[in-house]
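**Student:** A single structure is presented below for examination.
Laboratory data are not the source of any read-out in this text; all were calculated from the coordinates shown. If you're wondering where the values come from, they're calculated on a predicted model, not measured in any experiment. Don't worry about glycine lacking a Cβ; one is built from the backbone with ideal geometry, like all the others, and counts go over all protein chains shown.
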Amino acid sequence: MQGLEEQILASWVVNAISWTRAVRRGEIRSRERVTNGAILEAIYEGAPRTLLDLGCGEGWLAHQCARQGIEVLGTDAVAELTAIAAESAPPGARFQTLTYQQIATGGLRERFDVEVANFSLLGDRSLDDLFQALPKLLAPGGCVLVQTLHPLLVCADHPHADGWREGSWAGSSPAFRAPAPWYFRTLESWMRLFHRHKLVVKEMREPLDPLSRQLSAGRPSDGGVPRPGPWPLRDGRPPHPRCSDRRAARAGR
Ligand SMILES: C[S@@+](CC[C@H](N)C(=O)[O-])C[C@H]1O[C@@H](n2cnc3c(N)ncnc32)[C@H](O)[C@@H]1O
C-alpha cells in the first residue's frame with residue numbers, strides 16, 4: 001500500500017491534464033481574484049534576478065515571472081506537468097522534474113534570489129526534507145515565499161492540530177480523480193517549520209477578495225484559499241518594489 005506522501009504524488013500524476021485545463025481556463029475563482037496576484041506581487045517586490053518555483057505545476061507562475069525578465073527554474077515531481085510547462089515556456093523559464101526529496105538530497109546546485117512555493121507544500125516529512133535544503137539554495141539576502149491554505153479557514157470541524165486530512169475535489173470538474181490526502185499545519189507549526197530550518201519569518205500576509213473583503217474558503221487540492229504566507233525573508237532584504245511589476249500584480253488581483 002502507498003504511503004501518504006506517495007499518494008500525493010500519485011494523485012498529481014493522474015490529474016495533470018485536468019489540473020492544467022483548470023488553471024489555464026481560469027476555473028479556480030479565488031486564484032483569479034486573489035491569490036495569483038498576491039503571490040506575483042510578493043515576488044516582484046523583492047525584484048529578484050533568479051527564482052526557483054517549487055512544485056510549479058503546469059508552469060503559469062514561472063511563465064509570468066520569466067515574462068518580467070526573471071530567470072526561472074520550475075521544479076515539480078510530475079514529469080507530465082514539467083513537460084507541459086516547458087512546451088509553452090517563454091525565454092528565461094526552464095523546468096526540471098524533481099521531487100522535494102530529490103532536492104533535499106542535493107538534486108539542485110544553483111542558488112536563487114527567491115524560492116517560491118505556491119500552494120504546493122502538501123505533505124509532512126517531505127516538507128522537513130525540503131526545508132533543510134532551502135537555505136543552501138538561497139543567494140545571499142534571498143527569501144522564501146510560501147502561499148498556502150489559511151489554517152483558520154480549513155478543517156474547522158477537526159481539532160486544531162497538525163495531522164493528515166482527507167483530500168477532496170468537490171466543486172472541481174468531474175474529470176479530477178483520486179484526491180490526495182494532505183497535511184494540515186497550524187500557524188504555530190508553520191512558524192516552527194521555518195525556525196527549525198533557520199529561516200527568519202519576516203512577514204505574513206492574508207490577501208483578501210477585493211469584492212467581499214473576506215478570506216474565501218476553498219480546497220486544499222486547488223489552492224482555493226487565500227492564506228497567509230508565512231513569507232519569510234532570510235538575511236532580510238527590504239522589499240524593493242518595481243513600478244511596472246506592481247502594476248502587473250494589481251491587474252491580476
Ligand atoms: C496545487 S498544485 C500547485 C501548482 C503550482 N504551484 C500553481 O501555483 O499552480 C501542487 C503541485 O505540487 C506538486 N508537488 C506536490 N508534492 C510534491 C513533491 N513532494 N515534490 C515535488 N512536487 C510536488 C504537485 O505535483 C503539483 O504540481
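**Student:** To the nearest 20 debye, what is the magnitude of the charge dipole of the stretch 4-251 about its Cα centre, counting +1 on the Cβ of each Lys and Arg and -1 on the Cβ of each Asp and Glu?
**Tutor:** My answer is approximately 640 debye.
**Student:** Taking the simple approach of a point 7 Å from Cα along Cα-to-Cβ for both residue 111 and residue 2, what is their distance in nm?
**Tutor:** Result for the modelled spin labels: 3.8 nm.
**Student:** Now a separate question. I'd like the Karplus ³J(HN,Hα) series for the stretch 165-180: coefficients 6.51, -1.76, 1.60, θ = phi - 60°, whole numbers in Hz, and an x wherever there's a Gly or Pro.
**Tutor:** Per residue, the Karplus-derived 3J(HN,Hα) values read 10, 5, x, 7, 9, 3, x, 9, 4, x, 5, 6, 10, 6, x, 8 Hz.
**Student:** Within 10 Å, count the other beta carbons around each residue, average over each peptide in 116-125, 136-145, 41-50, and list them highest first.
**Tutor:** 116-125, 41-50, 136-145
**Student:** Return the ratio Rg/(2.2 N^0.38 Å) for the stretch 4-251, where Rg is computed over Cα atoms only.
**Tutor:** So the stretch 4-251 has a normalised radius of gyration of 0.93.
**Student:** Counting Lys +1, Arg +1, Asp -1, Glu -1, what net charge surrounds residue 159 among other residues with beta carbon under 15 Å of its beta carbon?
**Tutor:** So the surrounding residues net to -2.
**Student:** Then there's this: Arranged by the count of other C-beta atoms within 10 angstrom, fewest first, what order do 157, 129 take?
**Tutor:** 157, 129
**Student:** Picking from 100, 50, 151, whose Cα lies most toward the positive end of the charge dipole for the stretch 4-251 (charges on Cβ: Lys, Arg +1; Asp, Glu -1)?
**Tutor:** Selected residue: 50.
**Student:** Where does each of 153, 81 land when they are ranked from fewest to most other beta-carbon atoms within 10 angstrom?
**Tutor:** In increasing order of surrounding Cβ atoms, one gets 153, 81.
**Student:** Something else: Step through the residues of the stretch 24-32 one at a time and calculate ³J(HN,Hα) from phi using the Karplus curve (6.51 cos²θ - 1.76 cosθ + 1.60, θ = phi - 60°), rounding each to whole Hz and writing x for Gly and Pro.
**Tutor:** With coefficients 6.51, -1.76 and 1.60, one gets 6, 8, x, 7, 9, 4, 5, 5, 5 Hz.
**Student:** Quick one: order 190, 60 by neighbouring beta-carbon count within 10 Å, fewest to most.
**Tutor:** 60, 190
**Student:** Also, quick follow-up: Using a 10 Å cut-off on Cβ atoms, rank the peptides 86-92, 102-108 from the highest mean neighbour count down.
**Tutor:** Most protected by this proxy first, the peptides run 102-108, 86-92.
**Student:** Which value, to two decimals, describes the C-alpha radius of gyration of the stretch 156-221 once divided by 2.2 N^0.38 Å?
**Tutor:** 1.40
**Student:** Which residues in the stretch 139-168 have a backbone N closer than 20 Å to a point placed 7 Å from the Cα of residue 200 along the Cα-to-Cβ line?
**Tutor:** 139-146
**Student:** Within the P(r) computed for the stretch 26-112, what percentage of the Cα pairs occupies the region above 23 Å?
**Tutor:** 21
**Student:** Another question, if that's okay. Let's test the formula: R0 of 22 Å, r as the Cβ-Cβ distance of residue 136 and residue 49. What FRET efficiency results, to the nearest 0.05?
**Tutor:** 0.75
**Student:** With equal scatterers on the alpha carbons only and no solvent term, can you work out the Debye log10 of I(q)/I(0) for the stretch 54-97 at 0.24, 0.28, 0.34 1/Å?
**Tutor:** For the requested q values the scattering log ratios are -0.64, -0.86, -1.22.
**Student:** Okay, next question. Taking K and R as +1 and D and E as -1, what net charge do the other residues with C-beta under 14 Å from the C-beta of residue 87 add up to?
**Tutor:** After counting each charged neighbour, the total is -1.
**Student:** Per-residue HN-Hα couplings for the stretch 127-141, Karplus 6.51 cos²θ - 1.76 cosθ + 1.60 at θ = phi - 60°, whole Hz, x for Gly and Pro?
**Tutor:** Taking θ as phi minus 60°, the curve returns 6, 4, 4, 4, 5, 4, 7, 4, x, 6, 9, 8, 6, x, x Hz for the stretch 127-141.
**Student:** Something else: Can you list residues whose amide H is under 5 Å from residue 184's amide H, if they're 5+ apart or on another chain and H is modeled 1.01 Å from N?
**Tutor:** 163, 164, 165
**Student:** Same structure again: If each of residue 14 and residue 173 carries a label point 7 Å out from its Cα toward its Cβ, how far apart are those two points in nm?
**Tutor:** Spacing of the two 7 Å Cα→Cβ label points: 1.7 nm.
**Student:** If you find the alpha carbon centre of the stretch 137-203 and of the stretch 30-86, how far apart are they in angstrom?
**Tutor:** Measuring centre to centre over Cα atoms gives 18 Å.
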